[in-house]
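Q: If you scroll down you'll find the structure; I have some questions about it.
The values are calculated or read from the model by the stated rules, or taken from the named source; none is laboratory data. What you see is a predicted model; the values in this text were computed from it and never measured. Backbone-built Cβ (ideal geometry, glycine too); neighbour counts: all protein chains shown. Note: accessible area is taken over every heavy atom of the protein model, side chains too, but ligands, DNA and RNA are not part of it. Shrake-Rupley method; radii C 1.70, N 1.55, O 1.52, S 1.80 Å.
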Amino acid sequence: LRLLPRQRYLRAERAEVSALERKRNVLCCLITRILKAEKQLHIDNLVFRVIDACQKGELGTGLQFPSFCCHSVDVLSCVLHLLNQGYLRRQEERPHVLEY
């Protein structure tokens, strides 16, 4: 058996990381756009709307991107990331409702 040089593996790994970062950026952008428009939204409704937009390939207001498959776990991961960054917040009396 002969292994390929390490550099090729690194290039492939970087490409995968780059694709995942682009996907996360699109999801975070969708989440913030939807919440900016709605001001507050139940987390289940937000997840549904983001997944629906991903399947249609619509970023809102006529902007489009290549549609891709995303799951609720992907969206919830981005929601947690945005919560930790301080872009989103939860209501104290209703923690299932998110606000921009």
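Q: Can you tell me which residue is modelled with the highest pLDDT among those in the range 39-64 that are under 15 Å from VAL26 (Cβ atoms), open to solvent by less than 70 Å² (accessible area, probe 1.4 Å) and not in a helix (DSSP H, G or I)?
A: Here the answer is GLY57.
Q: What are the pairs with Cβ atoms under 9 angstrom where one residue, in the range 68-83, is more than 13 Å from ALA53 (Cβ to Cβ) and the other, located anywhere, is open to solvent by less than 50 Å² (accessible area, probe 1.4 Å) and polar (S, T, N, Q)? Sequence gap at least six, or different chains.
A: LEU82/THR32
Q: Please find, within the range 67-92, the residue that is most open to solvent (accessible area, probe 1.4 Å) out of those that are over 14 Å from the mean Cα position of the chain (by Cα) and at pLDDT below 90.
A: This residue is GLU92.
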